[in-house]
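Comments concern the structure below.
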Amino acid sequence: MHALEEVLALFAAAVLLAAAARRVGAPYPVFLALGGALLAFVPGAPSLSLPPELVLALFVAPVLLDAAFDASLRDLRDNWAPVTGLVVMAVGLTTAAVAIVARTLVPEMPWPAAIALGAIVAPPDAVAATAVMRPLHPPHRILTILEGESLLNDASALLIYRLAVGAVAAGSFSVQAVVPTFLLGVLGSLVAGPALGWLMHAILKHVQHVPTAIILQFVGTFTVWVFAEQVGLSGVLTTVCFAMTLARKAPAEISARIRIPTNAVWATVIFALNIIAFIFIGLQVRPVVADLPAPVRDRYLLVAAAVVVTVIVVRIAWQMTFNAGVRWRDRRFGFHPPRPMLRPTVGSGLVVSWAGMRGIVTLAAAIALPPGFPLRDLIVLTAFSVVLGTLLVQGLTLKMLLRALDLHDGDPVATELRSARERVLEAALGQLPAGASAAVDLVRKDFKVRLTFSGETTAHSQPMAAYAGAYRAALRSARRTLIALRDSGEIGDDAFHTLENELDWMEVSDPLRAANADDTSGSGEP
């Protein structure tokens, strides 16, 4: 019971830190990282552990599925070159550079262990970057590149990680033996992921019970990851392909009454997993900080600082080199995008270069190292230092950089949204009977309010603001009356909860609230 109380206290503290981050306008992973750092110095903190084989499945699989479900295949295709450069070249160069730095400073570190360290700290996490940038409405292309990179670089980094950890266990490394296995795993994942996604959708579309549907989604996510790992495929690629297949099929057949609560549950789970990851890494770092002799600890901290600098510098060097090459190509051959988007500039290159904060995948990969792994304490400390350092240095200054550069792209998403609203409204009204009736007029007015007013710059539109104000005032009055009826005994709790649920759906359907919904913390699971 005492251990449970300690875990609950840590969760409560993490939730308060996240609330404080939102209050000051900072990405919540920054404050969670600070909390994890403080936890490393708390005497008597609980000792928690998880089996290494469970860690990646528990932390990475749901986070990947959440991100992949919301990814835009069209936008990824449009930006394939910068995304591929970051996913392949930036991850590879970072892994190699970190391995060389680690071996230089710690000659006794085996090369496979040094490569594993490089792969652990190589993949950035877009959660902190997008949390900072979305409120400032940056160019959509920058967000697409960062989110696409975050989605796919886990695959490249964790493939290198798995090969390096396997080489340590085997005591040797053979390129000739690894390459066929690697290619088979990638190709198999590209086939298995969509097939499993199609199978999962065939099951979910028949489920109308909300709790059952949500449980099946999580069971399916972990089953896909475990299956892929057991048969030698890439858990990351299989899960990404699985989620993208579901995302294309689910909207047509999964009802809103399942989708809305599902989104809330997934957002909560992803937030909780980030909390747990920072708690665990803090508890893993504590023995390193507390028990190591001072000279060894100082040496480890020097290595950690060198690796933090390395990952930041390598990303800037690669991205600005790539950016210069793309700008030269555009000057020579012209800029001809498939649809309106930001032209590559020095400013856009700087933003992408600086948005390299590490997060939950780096933490999970470090925690997942087996207990006997060479220099595990050094690797765990370094991984946490990279997460903490990049979140503090880059996460807290990214907003200032964006404001200083003042990048704009004409908001192509808003243009598409206006066009889509018009087409959707036209289709909806076209299905209504031609003859006038009170019922048809009511439906017509409701659709026009929700699809026309919602598009008029939301809260800045006078008609929209007036409508929303009246709508919310009426809802508040209805709720007060309903509560009074329950409290006076005129109605029982069964009737109260039935009508309360109806008012809740009316509040969720408030057009202004829907138009301004915070899309940075939710997810689009079916």
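The table below lists the values:
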| quantity | calculated |
| --- | --- |
| Candidates Asp330, Asp291, Asp298, filtered to the one that is among the acidic types (Asp, Glu) and closer than 28 Å to Val7 by Cα | Asp291 |
| Any hit, segment 282-291, residues being modelled with pLDDT of 80 or more, part of a helix (DSSP H, G or I) and open to solvent by less than 20 Å² (accessible area, probe 1.4 Å) | no |
| Answer residue from segment 308-343, given it is free of Cβ contacts under 8 Å to residues at least 40 places away in the same chain and not in a helix (DSSP H, G or I) and is most open to solvent (accessible area, probe 1.4 Å) among those | His336 |
| Total residues in segment 108-142, condition more than 17 Å from the chain's Cα centre (by Cα), closer than 28 Å to Ala164 by Cα and open to solvent by 10 Å² or more (accessible area, probe 1.4 Å) | 5 |
| Any hit, segment 490-505, residues being at pLDDT below 85 and part of a helix (DSSP H, G or I) | yes |
| Flag if Arg299 is in a helix (DSSP H, G or I), more than 19 Å from His140 (Cβ to Cβ) and either among the polar types (S, T, N, Q) or open to solvent by 40 Å² or more (accessible area, probe 1.4 Å) (or both) | yes |
| Condition broken by Ala434, with the remaining ones in (1) over 28 Å from the mean Cα position of the chain (by Cα); (2) within 23 Å of Arg343 (Cβ to Cβ); (3) small (Gly, Ala, Ser) satisfied | (2) |
| Listing of helices (runs of 4 or more DSSP H) fully contained in segment 127-234 that carry 2 or more residues being of a type in the set (A, V, I, L, M) and touching a Pro at 6+ places or on another chain (Cβ under 6 Å) | 140-170 |
| Hits in segment 252-264 - residues which are in contact (Cβ under 8 Å) with a residue 60 or more places away in the chain and assigned to a helix (DSSP H, G or I) | Ile258, Arg259, Ile260, Thr262, Asn263, Ala264 |
| Helices (runs of 4 or more DSSP H) contained entirely in segment 34-101, each with at least 1 residues that are under 25 Å from Ala9 (Cα atoms) and within 22 Å of the chain's Cα centre (by Cα) | 52-70 |
| Filter result for Leu237 (out of contact with any Pro (no Cβ under 8 Å at 6 or more places or on another chain) and part of a helix (DSSP H, G or I)) | yes |
| Hits in segment 391-445 - residues which are open to solvent by 50 Å² or more (accessible area, probe 1.4 Å), closer than 30 Å to Ala18 by Cα and not in a helix (DSSP H, G or I) | Leu396, Asp406, His408, Asp411 |
| Among the residues listed as Gly356, Gly349, the single one being surrounded by 12 or more Cβ atoms within 10 Å (Cβ to Cβ) and either within 30 Å of Ala167 (Cβ to Cβ) or touching a residue at least 40 places away in the same chain (Cβ under 8 Å) (or both) | Gly356 |
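For every residue, the table says whether it meets (1) open to solvent by 30 Å² or more (accessible area, probe 1.4 Å); (2) within 28 Å of Ala68 (Cβ to Cβ); (3) modelled with pLDDT of 85 or more.
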position	(1), (2), (3)
Val219	yes, yes, yes
Val224	no, yes, yes
Phe227	yes, yes, yes
Cys241	no, yes, yes
Thr245	no, yes, yes
Ala250	no, yes, no
Thr262	no, yes, yes
Trp266	no, yes, yes
Ala304	no, no, yes
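The values are calculated or read from the model by the stated rules, or taken from the named source; none is laboratory data. The structure displayed is predicted, hence computed values, not measured ones. Positions of Cβ are generated from backbone atoms using ideal geometry, with glycine treated the same way; all protein chains shown enter the neighbour counts. What goes into the accessible areas is simple: the full protein's heavy atoms, side chains included, and nothing from ligands, DNA or RNA. Shrake-Rupley method; radii C 1.70, N 1.55, O 1.52, S 1.80 Å.
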